[in-house]
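**Student:** A single structure is presented below for examination.
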Amino acid sequence: MQLIKNCLGQSHEIVDMVVKEGDTVVDATAGNGNDTVFLAKLVGEKGKVYAFDIQEMALQKTREKLVSQGLTQRVELIRDGHENMSKYISEPVSVVMFNLGYLPGEIIIFVPGFRLLVVPLKLQ
Ligand SMILES: C[S@@+](CC[C@H](N)C(=O)[O-])C[C@H]1O[C@@H](n2cnc3c(N)ncnc32)[C@H](O)[C@@H]1O
């Protein structure tokens with residue numbers, strides 16, 4: 001368990017070192033919205049976060065967190081698989097974060113271009 005906590009915490013530290021204000025970034029698995037909120041704060045008012053999830057419930061939870069923290073303007077929530085992200089994103093992105101715990105079914109990852117890919121895998 002401690003290994004998993006360290007893995008998730010370290011992924012945020014690495015992303016923090018790479019992302020600058022005004023960047024465009026991707027949360028490939030929005031889930032409960034924690035990583036989306038983290039990324040939205042990092043990119044600042046002029047930045048942009050694309051957050052994907054295939055579950056409406058996940059996007060609802062993420063939206064609630066963003067609303068409560070006044071971060072909705074810089075985030076686009078997309079109900080689709082991250083394997084389709086090239087349909088929605090045409091500009092360069094500096095980071096794509098994947099948090100692949102609790103996945104339903106198989107894992108499909110397709111990232112057309114990125115400076116840093118972070119994949120904190122939960123071991124279960
Ligand atoms: C562990 S949760 C993500 C946790 C989240 N990053 C957070 O900070 O709370 C994994 C999420 O991946 C989503 N997911 C699974 N397959 C996906 C896919 N192909 N594209 C986008 N999201 C996917 C699931 O619906 C689930 O909500």
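Read the figures in this text as sums done on the coordinates, not as results from a lab. Computed from a predicted structure; not experimentally measured. Ideal geometry is used to build each Cβ from the backbone, glycine not excepted, and the neighbour counts take in all protein chains shown.
**Student:** In whole Hz, with x marking every Gly and Pro, tabulate ³J(HN,Hα) for segment 37-47 from phi via Karplus 6.51 cos²θ - 1.76 cosθ + 1.60, θ = phi - 60°.
**Tutor:** Couplings: 4, 4, 5, 4, 5, 5, 7, x, 4, 8, x Hz.
**Student:** One-quarter of the Cα convex hull surface for segment 1-73, in nm²?
**Tutor:** 5.0
**Student:** When Thr29, Thr24 are ordered from fewest to most other Cβ atoms inside 10 Å of their Cβ, what list results?
**Tutor:** Thr24, Thr29
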